[in-house]
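Let me begin by presenting the structure, written as structure tokens, before commenting on it.
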Amino acid sequence: MTRLGAVMKTPFYHTTKLYADHFQPVPLVVETSPSGVDTMACVSEDGKALSVFLVNTNPHPVDVRFDFSDWDNIPRFRVGATIIDTKNMGQLDIVNHWTAPDRISTVPLETMPTTLKRYSTTVVVFEKP
């Protein structure tokens, strides 16, 4: 959204940037996902970078676990980010506006998440040794 001399990032911007920055060209099959969580995974062509996208559509937080036990080399957490309502109001249809331009914001993850915040979109990037 723009106005004279200013640009405000919308939730659509944050989501599109998250996917664009971390998307990999080879899709993977996700065998299980918690109820109410849309999950998509993709890997780089050389198989060294793995991105997992999770959208929690629930009105409550959801615990997650990443299981790579079937893989030869267990990937390790490299980076992640989540798009959240910084006020944690639990409102599904919200947008940023000029009085609250960062209400919906992308927050970097320092460690691999074990819980997804309600109504959030998260990416977790792993790398293979």
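Points to keep in mind about this one:
- Global form of segment 1-47, assessed from the alpha-carbon gyration tensor, a/c cut-off 1.5: oblate
- Percent RCO, i.e. relative contact order, over the chain, from Cα pairs under 8 Å lying at least 6 residues apart: 32 percent
- Prolate/oblate/rounded label for segment 31-100 (Cα gyration tensor, a/c 1.5): prolate
- Cα long-axis angle, helix 11-22 against the chain (0 to 90 degrees, to the nearest 10): 30 degrees
- Lys, Arg +1 and Asp, Glu -1 on Cβ, resulting dipole of segment 27-129 about Cα centre, debye, nearest 20: 340 debye
- Volume of the Cα convex hull of segment 2-127, divided per residue and given in Å³: 115 Å³
- Considering only His97, Tyr119, Thr39, the residue lying farthest towards the positive end of the dipole of the chain is His97, judged by Cα position with unit charges set on Cβ.
No value in this document is a laboratory result; all are computed from the given coordinates. Computed from a predicted structure; not experimentally measured. Backbone-built Cβ (ideal geometry, glycine too); neighbour counts: all protein chains shown.
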